[in-house]
Amino acid sequence: MFRIAVCDDQKQIVEQLNGIISDSLSKTSLEYSVDDYYSGDSFLQNDKEYDIVFLDIDMPGIDGIEVGRILKQYHKSCKVVMATSLIERFKDAFRINAFRFVTKPFMIEEINEALTSAIEVEEKNECIELYYQRIPCEVPLKDIQYIRAYNGYSEYIVGKRIFRSEQSLSTLEKILNSQYFVRVHRQYIVNMRWIDDYYGGEIEIAGDKLPVSKRKCKEFEQEYIKFDLKNNRSV
């Protein structure tokens, strides 16, 4: 679940930004939530943690710069996006290490870029506990090339190393981000970022050939094309 907050003292602005965010993320497979706040005080009174917060710089009472400063003290990994129509105020936002800056009136491309970048950062930081030679390890999801299932356990191919867990592929399907990880066979889940080639129902990853089942073939090909177009790769 990707958790987002929007904080602006103008209700119309909050509704507009909420709409842009929801429209953008509805086109992905990501689960998300968006909470609205209309003042810095009301935002700071909540006890929730967010992955990304859109903050208006100029608000009555506690402004966005101060809200961002306080927020980063107890939730350093939160991505703060500062919004204002006054470009000169962006200098103030540098002091709190803002993740992005967006201008008013909003441009959809700017909002989409901020969301995409935040999601990519979150993905890079996300890990899963696996076992390597019976030793528990935290492995970044982005490094997993593909997963193959056996009776009662699964193997994770990460470069030249093979990690292991007791989770089934059915369980993993619910955990892994389907934007990247796709089940192509009863025995395999692949990370589409690592696919080198696909032809005639067979995927190639780092020299390994993996079959795509006939039942999954059409669905996988559609997801593969969408992934390539979105990431500017050639199909």
(request) Those residues that are part of a loop (DSSP other than H, G, I, E, B) and surrounded by 15 or more Cβ atoms within 10 Å (Cβ to Cβ), I need them from region 98-111; list them, please. (result) ALA98, PHE99, LYS104, PHE106
(message) Taking the condition of being within 24 Å of the chain's Cα centre (by Cα), within 21 Å of GLU113 (Cα to Cα) and in a loop (DSSP other than H, G, I, E, B), how many residues in region 40-69 meet it?
(response) 2
(request) Would you mind telling me which numbered condition in (1) of a type in the set (Gly, Ala, Ser); (2) open to solvent by 70 Å² or more (accessible area, probe 1.4 Å); (3) in contact with a Ser or Thr (Cβ under 9 Å, 6 or more places away or on another chain) GLY201 fails? (result) (2)
(message) Cβ contacts < 9 Å: first residue at positive phi and in contact (Cβ under 8 Å) with a residue 60 or more places away in the chain, restricted to region 15-35; second residue assigned to a loop (DSSP other than H, G, I, E, B) and open to solvent by 40 Å² or more (accessible area, probe 1.4 Å), any location; separation 6+ or different chain. Result?
(response) none
(request) Report the residue count in region 174-198 for those that are open to solvent by 20 Å² or more (accessible area, probe 1.4 Å) and within 25 Å of GLU31 (Cα to Cα). (result) 11
(message) Can you find a residue that is open to solvent by 50 Å² or more (accessible area, probe 1.4 Å), in contact (Cβ under 8 Å) with a residue 12 or more places away in the chain, under 24 Å from the mean Cα position of the chain (by Cα) and on the phi < 0 side of the Ramachandran plot anywhere in region 82-97?
(response) no
(message) So LEU115 passes all but one of these: (1) in contact (Cβ under 8 Å) with a residue 60 or more places away in the chain; (2) part of a loop (DSSP other than H, G, I, E, B); (3) not small (Gly, Ala, Ser). Which condition number does it fail?
(response) (2)
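Within the bounds of region 132-140, is there any residue that is in a loop (DSSP other than H, G, I, E, B) and within 28 Å of ASP47 (Cβ to Cβ)?
no
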(message) Can you report the number of residues in region 112-125 which are under 10 Å from the mean Cα position of the chain (by Cα), surrounded by 14 or more Cβ atoms within 10 Å (Cβ to Cβ) and of a type outside the set (S, T, N, Q)?
(response) 6
(message) Considering only region 107-119, I want to know if a residue exists there that is hydrophobic (A, V, I, L, M, F, W, C) and over 25 Å from SER178 (Cα atoms).
(response) yes
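Among the residues of region 170-185, is any in contact (Cβ under 8 Å) with a residue 60 or more places away in the chain and either touching an Asp or Glu at 6+ places or on another chain (Cβ under 8 Å) or acidic (Asp, Glu) (or both)?
So far as region 170-185 goes, yes, one or more of its residues are in contact (Cβ under 8 Å) with a residue 60 or more places away in the chain and either touching an Asp or Glu at 6+ places or on another chain (Cβ under 8 Å) or acidic (Asp, Glu) (or both).
The values are calculated or read from the model by the stated rules, or taken from the named source; none is laboratory data. Please read all numbers here as calculations on a predicted model, not as lab measurements. In this analysis, Cβ positions are derived from the backbone assuming ideal geometry, glycine residues included, and neighbour counts consider all displayed protein chains. The protein model used for the area step is the full one, side chains on, heavy atoms only, and it has no ligands, DNA or RNA in it. Shrake-Rupley method; radii C 1.70, N 1.55, O 1.52, S 1.80 Å.
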